[in-house]
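Asks: Sharing a structure here in structure tokens format.
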Amino acid sequence: MYPQNILVHWKFGKSNGSVGLIIKICKILKVSPNYIFEDLYDNQVSQPSSLSSDMLIKYLKLSPDNKKFIDGIVDYIYNIQKRK
């Protein structure tokens with residue numbers, strides 16, 4: 001898939017960026033992921049626990065195939081939850 005197709009898919013909600021890709025974009029733009037997503041979460045929500053940080057570190061160390069597997073599981077569960 002070409003980069004312009006990826007952006008179109010993101011725009012219309014046909015796919016989501018991987019954590020690794022989002023981090024690469026943040027590095028290129030010299031901004032933190034928090035800056036990009038700050039409007040998506042309520043500022044009154046507590047900061048992520050250290051467990052969340054540990055899980056993110058573990059996720060980032062996964063192979064690309066395992067990341068796709070985890071992304072698929074999360075998407076599946078999220079879509080089920082969204083329907084309720």
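The values are calculated or read from the model by the stated rules, or taken from the named source; none is laboratory data. Since the model is a prediction, treat every value here as computed from it, not as a measurement. So basically every Cβ, Gly included, is an ideal-geometry build from the backbone, and we count neighbours across all protein chains shown.
Asks: Where in segment 1-50 are the helices (runs of 4 or more DSSP H), entirely inside, with at least 1 residues that are at pLDDT below 65?
Replies: 3-11
Asks: Could you check, for segment 60-80, whether at least one of its residues is modelled with pLDDT under 85, exposed (fewer than 12 other Cβ atoms within 10 Å of the Cβ) and part of a loop (DSSP other than H, G, I, E, B)?
Replies: no
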